[in-house]
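All of the numbers you see were taken from the coordinates with simple rules; none came from a lab. All values derive from a computational prediction rather than experimental measurement. Methodologically, a virtual Cβ is constructed for each residue, glycine included, from the backbone with ideal geometry; neighbour enumeration extends over all protein chains shown.
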Amino acid sequence: MTVDRRALLTASLALPFASAAARATWTRPAGLAPDDSVMLWPEGHVRPPAGLVQAVVQRSEDPNASDRMLEGITRPRLDIFRPARPNGAAVILAPGGGYRYVVVDKEGYELARWLTARDVTVYVLFYRLPGDGWANGADVPLADAQRAVRLVRSRARIDGIDPTRVAFGGFSAGGQVATSLLTRFDAKVYDSTDTADAMSARPDALAAIYPVVSMDPAIAHATSREKLIGTDADAAREKAYSPERNVRADQPPLWLLHAEDDDVVKVENSVRLRAATRAIGAPVEAHFFERGGHGFGLMKTAGLPIAIWPELLWSWLGAHKIV
């Protein structure tokens, strides 16, 4: 079901703000708004937990540097960014937020516009959060990711994309969504809803940028782990939700990016996933930089060697015939 973009954005941004930063006056930077939005699920399929309220919170007081987050997601959706001359490639982006919220601008809209300038059609995924009280909460982000890939493929003619050139990228906790999709793209985590669900949910390529991956307490991002599997998860549950322990020969080609000085999500998350992927002979390319910290996106890399990362990703997507 397609939703009127102007009505959707107006409604979402008019929601009550939750902090002083959110109450600050803010002007949308030119070119950041999506061109369209589509709900992931047919009307009535998703039934939000009682009392869950979706809201946009503005975390930046700088009117020229928007940093919004979407919390309490009740209506998972794809925001669509269309290039002037689509080249057939599609990229789905899952921003981070520690499974507490989903970042809007830094890991979503900004990279979307970078890619559309290069003729790629981009879909920013606002997925449900596992700690918000959903039934089978640990699997709702994966269900939304699977559905996103299937829905994008089903829209190939509408959006002018090639259904065999669909990539998926995730940042931070969105990287956990992505790497879960890497190894569980065909796991049955929801009941079929319409003809789109006949499509494959396996991306043609997958990128994880400073990703949360493992649920091993020794390296896990504590907040993401608690939200996803709980603080008292047993060894079997820990393993089931640790992608590095569930790699498979038929997983999509994988691209990894991490800064060695990341003090939020330990670089070992990417190191372990790379090692596990190499051990089974599946394709992987990894880039580890000395400095960059966490959550750098596009805008926090100035003056650092890590600033080259979008071009590295672009070259890899080209090598795998996505772009």
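Comparing mean-square fluctuations of ASP232, ASP132, ASP204 from a GNM of the chain with C-alpha springs under 10 Å, the top value falls on ASP232.
For segment 148-226, the set of trypsin sites (Lys or Arg not before Pro) satisfying both a DSSP loop assignment and a count of at most 12 other C-beta atoms within 10 Å is given as LYS188. The label-point distance for ASN87 and THR74, in a model that sets each label 7 Å from Cα toward Cβ, rounds to 4.1 nm.
For LEU181, LEU52, what ranking results if the residue with the fewest other Cβ atoms within 10 Å of its Cβ goes first? Let's see the in-between values first.
Details: LEU181 30, LEU52 15.
By the 10 Å Cβ count, ascending: LEU52, LEU181.
Applying 0.36 nm per residue to the separation of GLU61 and LYS321 and subtracting their alpha-carbon distance, the gain on full extension is 89.5 nm.
Using the reciprocal of the averaged 1/r over all distinct C-alpha pairs, how large is the Kirkwood radius of the chain in Å? Write down the numbers at each step before the final one.
Working: mean 1/r = 0.0512 Å⁻¹.
For the chain, inverting the mean 1/r across all distinct Cα pairs yields 19.5 Å.
Assuming charge only on the beta carbon of Lys and Arg (+1) and of Asp and Glu (-1), the dipole of the chain about its Cα centre is about 520 debye to the nearest 20.
What relative contact order, as a whole-number percentage, does the chain give when Cα pairs under 8 Å and 6 or more residues apart are counted? Numbers along the way, then the final one.
On the way: 702 pairs, mean separation 44.6, N = 323.
14 percent.
When the helices in the chain are scored as -39500 (n - 2.57) per DSSP H run of 4 or longer and the sum is shared across all residues, what 222 nm value do you end up with, to the nearest 500 deg cm²/dmol? Mind dumping the intermediate values first?
Details: 10 runs with 88 residues, N = 323.
After summing the helix terms and dividing by the residues of the chain, the value is -7500 deg cm²/dmol.
Note on VAL53/LEU32: beta-carbon distance plugged into 1/(1 + (r/R0)^6) with R0 of 30 Å gives a FRET efficiency of 0.80.
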